[in-house]
Amino acid sequence: MYNVINLPYSYHSLEPIIDEKTVNIHYNKHHKKYMENLNKLISYKMPLEEIPKRINEFPIMNRGEILYNAGGILNHNLYWQSLNEKSAAPSGKLLNKINETYGNLSNFKNEFIKKAQNLVGSGYTFLVTDHNSNLSIINMPNQETPLSYNLIPLFTIDLWEHAYYLKYQNNKNKYLENIWHKVNFNIASRTYNELF
Ligand code: MN
């Protein structure tokens with residue numbers, strides 16, 4: 001059985017930036033639906049993270065659906081881990097690399113938000129690293145995962161309308177500005193610092 005991560009905080013923890021109802025529906029209805037779909041499609045054969053890299057091992061007629069639902073689980077797992085009641089800036093080697101790549105944290109934030117504003121349709125904006133420790137900010141459509149492109153996702157913001165519509169309606173820019181009060185780079189820093 002594939003599973004989603006436990007939400008690392010309560011439904012109301014991201015208030016007033018993201019309301020309790022949005023987190024509840026997003027986690028219990030949207031996120032878990034990808035898990036239910038994947039478990040109907042395949043039985044557990046390999047770790048979730050390996051599915052995008054080894055998609056060719058599945059029957060060709062199911063690959064699209066398997067990839068979509070595996071991506072839906074993985075991307076949401078990372079999204080929940082990228083937020084917290086208590087915000088935390090990048091640290092250690094990740095902080096050094098962000099400073100080297102973007103000049104400083106404030107520039108990095110602006111670049112990230114600008115990239116997210118430019119995403120058309122549904123998808124995510126990611127901070128990723130390649131296997132040589134180079135950072136990039138990239139957009140992925142729908143439930144595509146950077147793992148399919150041999151990149152390691154470190155941090156992400158969900159930009160599907162269901163992530164913000166109840167509170168922000170069409171105001172995606174306001175969601176993006178506000179969410180920075182709840183971003184947490186502890187997992188991103190740990191992943192990066194362990195890799196390099
Ligand atoms: Mn979502």
Given H placed on each backbone N at 1.01 Å, which residues far from ASN184 in sequence or on other chains put an amide H within less than 5 Å of it? LEU83, ASN84, ALA88
Radius 12 Å from Cβ of VAL23, net charge of other residues (Lys, Arg +1; Asp, Glu -1): -1
Does segment 1-50 come out rounded, prolate or oblate, given a ≥ b ≥ c as the square roots of the eigenvalues of its C-alpha gyration tensor, rounded meaning a/c under 1.5 and, failing that, prolate meaning a/b above b/c? prolate
Taking 64-70, 28-34 and ranking on average Cβ neighbours within 10 Å, highest first, one gets 64-70, 28-34
Pick out, from TRP160, TYR44, ILE25, the residue whose Cα sits farthest towards the positive end of the charge dipole of the chain, with +1 on the Cβ of Lys and Arg and -1 on the Cβ of Asp and Glu. ILE25
So how much slack lies between GLU194 and ASN171, counting 0.36 nm per residue of separation and subtracting their Cα-Cα distance, in nm? 4.6 nm
At 7 Å along Cα-to-Cβ for each site, give me the label-to-label distance between ASN24 and LYS86 in nm. 2.6
Å³ per residue of the Cα convex hull, for segment 80-196? 95
Distance (nanometres) between label positions extended 7 Å along Cα→Cβ at ASN107 and LYS45: 4.7
What is the distance in Å between the Cα centres of segment 121-167 and segment 1-70? 15
Given all pairs of distinct Cα atoms, the chain yields a Kirkwood Rh in Å of 17.2
Computed over the chain: relative contact order in percent, which uses C-alpha pairs under 8 Å that are six or more apart: 27
If you place +1 on the Cβ of every Lys and Arg and -1 on the Cβ of every Asp and Glu, how big does the dipole about the Cα centre of the chain come out, in debye to the nearest 20? 100
Would you tally the net charge around ASN37, using a Cβ to Cβ cut-off of less than 15 Å, leaving ASN37 out, and scoring K and R as +1, D and E as -1? +3
Efficiency by 1/(1 + (r/R0)^6): what FRET value for SER133 and GLU57, r their Cβ-Cβ distance, R0 = 45 Å, to the nearest 0.05? 0.95
The answer for GLY123, listing residues at least 5 apart or on another chain whose modeled amide H is closer than 5 Å to its amide H, is ASN142, LEU159, TRP160
With a 10 Å radius around each residue's Cβ, average the other Cβ atoms per peptide and rank 175-188, 50-63, highest first. 175-188, 50-63
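Read-outs: derived from the displayed coordinates by stated rules, not from any lab. Note that the structure is a prediction, hence the values are computed from the model and not measured. Don't worry about glycine lacking a Cβ; one is built from the backbone with ideal geometry, like all the others, and counts go over all protein chains shown.
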